[in-house]
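For reference, the structure is listed below as structure tokens.
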Amino acid sequence: MIPYAKHHLDEDDIQAVCEALKSDFLTTGSAVHSFETALADFVGCAHAVAVSSGTAALHCAMYALGIAPGDEVIVPSMTFAATANCVAYMGATPVFADVDPHTLLMNHESVSDKITTHTKAIITVDYAGQTCDYEKLKSLAKRHSLALVADSCHALGATDRGQKAGSIADINIFSFHPAKHITTGEGGVATTNNPNFAKRMRTFRTHGIDVSAEERQQTGDWFYQMVDLGNNYRITDIQCALGISQLKKLPQFLERRRDIASTYDEAFSNANSITPLLTRKDVAHAYHLYVVRIDFENLGTTRKAVVTALRDKGIGTNVHYIPVHLHPYYKREHGTHEGMCPVAEKVYEEILSLPIFGTLPLDQVQYIANSLINIVQK
Ligand SMILES: *Cc1c(COP(=O)(O)O)cnc(C)c1O
């Protein structure tokens with residue numbers, strides 16, 4: 001079975017973890033700092049705060065911005081629920097913006113329409129691995145004095161007009177879940193050029209305590225103060241040792257992901273019932289996902305039938321995503337409903353994510369593309 005996503009670990013990744021297991025620190029030690037420095041260098045940002053998941057990093061970002069009950073934060077509907085959940089954690093209201101049907105990136109007019117006097121921030125999502133048009137989004141945010149957070153969990157290694165994802169928004173988020181570009185098992189990071197945001201996120205990561213246990217150990221000082229209500233969102237040295245080792249392989253994983261995407265693009269260029277998403281000008285795409293649109297209904301079939309036929313050929317697929325505003329929690333607690341984001345709702349019926357990962361061989365990509373074309377044309 002070819003899965004839709006898969007991590008890749010080498011012997012040197014395993015070695016790195018074994019060394020961390022033999023060191024003095026299992027949790028916050030030198031590997032956390034080294035991983036943060038390596039990530040900050042990679043994305044070209046001053047500060048990186050590594051935490052236990054991408055979701056935790058999003059929550060840290062909302063805390064850093066001081067999002068509170070009564071505030072509204074605009075998020076795209078076409079994303080993983082965590083993008084919106086971090087707003088709800090603060091007792092604030094996520095407001096769902098619609099997306100562009102060809103890229104599934106947030107639609108600027110829709111964002112603009114949703115801005116009210118309560119709006120405090122916009123969270124963008126670099127859907128599938130291409131960056132949003134940040135020139136437009138930044139000027140919109142600036143005009144309304146809103147903070148801009150980029151959920152770049154799909155876009156490690158992507159660029160917008162040459163600027164790397166991770167250095168573009170006020171705070172930028174990545175995940176190291178095994179389905180993402182590189183993994184730490186579970187893990188995430190928030191990057192920022194704002195030292196105050198970085199400090200607040202470090203405090204929130206460790207119970208709302210204003211100095212790290214490690215700093216206290218160095219000074220021999222037992223004194224600490226909990227200045228705010230935080231969490232234990234720490235990532236371990238064991239995980240960061242893996243992250244440092246994985247980050248070295250990122251360029252080769254990215255290259256393969258881009259080769260896979262161009263192999264699919266080429267294969268589907270003559271199959272008019274299969275429409276890959278469009279890539280914006282001025283971006284380097286990181287291809288976390290490879291998503292196609294198929295008008296199943298028009299072809300007299302269903303997505304379920306196509307998914308089953310692919311599975312019978314040993315091909316795993318997935319759907320990214322059920323529009324977040326259609327989940328029962330949001331309908332019940334935030335009064336969302338069908339019709340709020342018509343483009344996301346319609347495109348949701350048509351999307352399918354095909355296998356893509358850093359070690360997927362190109363002959364298998366060809367096999368997947370041919371299989372899909374045959375199934376759809378039947
Ligand atoms: C993976 C992902 C997250 C959450 O990351 P975790 O590390 O699984 O918590 C958030 N947003 C998007 C868009 C993601 O793809």
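For region 261-292, filtered to residues that are free of Cβ contacts under 8 Å to residues at least 12 places away in the same chain and farther than 24 Å from Ala179 by Cα, the residue that is surrounded by the most Cβ atoms within 10 Å (Cβ to Cβ) is Glu266.
Look through region 21-53, keep the residues that are under 20 Å from the mean Cα position of the chain (by Cα) and of a type in the set (Asp, Glu), and return whichever of them is nearest to Gln218 (Cα to Cα). Step by step, filter region 21-53, then rank; the result is Glu36.
Elements of the type helices (runs of 4 or more DSSP H) sitting completely within region 302-378 and holding at least 2 residues that are without any contact (Cβ under 8 Å) to a residue 24 or more places away in the chain: these cover 303-312, 328-334, 362-377.
In this structure, Ala68 does not satisfy being at pLDDT 95 or above, within 22 Å of Ser245 (Cβ to Cβ) and more than 11 Å from the ligand (Cβ to nearest atom). For region 21-50, a tally of residues being over 22 Å from Ala190 (Cβ atoms) and either open to solvent by less than 10 Å² (accessible area, probe 1.4 Å) or part of a loop (DSSP other than H, G, I, E, B) (or both) returns 3.
What tally of residues in region 170-180 results from selecting those that are open to solvent by 10 Å² or more (accessible area, probe 1.4 Å) and within 16 Å of the ligand (Cβ to nearest atom)? The number of residues fulfilling the criteria is 5.
Does region 68-89 hold any residues that are assigned to a loop (DSSP other than H, G, I, E, B) and surrounded by 24 or more Cβ atoms within 10 Å (Cβ to Cβ), and which are they?
Of the residues in region 68-89, the ones assigned to a loop (DSSP other than H, G, I, E, B) are 68-71, 77-81.
Passing the criteria: Ser77, Met78, Thr79.
Of all residues in region 269-279, at least one satisfies being outside any loop (DSSP other than H, G, I, E, B), polar (S, T, N, Q) and within 23 Å of Pro355 (Cα to Cα). Taken together, the criteria place Ile238 among residues that are more than 15 Å from the ligand (Cβ to nearest atom) and either assigned to a helix (DSSP H, G or I) or not aromatic (Phe, Trp, Tyr) (or both).
Against the conditions (1) open to solvent by less than 10 Å² (accessible area, probe 1.4 Å); (2) in contact (Cβ under 8 Å) with a residue 60 or more places away in the chain; (3) of a type outside the set (Val, Ile, Thr), Asn193 satisfies every one except (1).
The values are calculated or read from the model by the stated rules, or taken from the named source; none is laboratory data. Computed from a predicted structure; not experimentally measured. We place every Cβ from the backbone using ideal geometry, glycine too, and count neighbours over all the protein chains shown. Heavy atoms of the whole protein, side chains included, go into the accessibility calculation; ligands, DNA and RNA do not. Shrake-Rupley method; radii C 1.70, N 1.55, O 1.52, S 1.80 Å.
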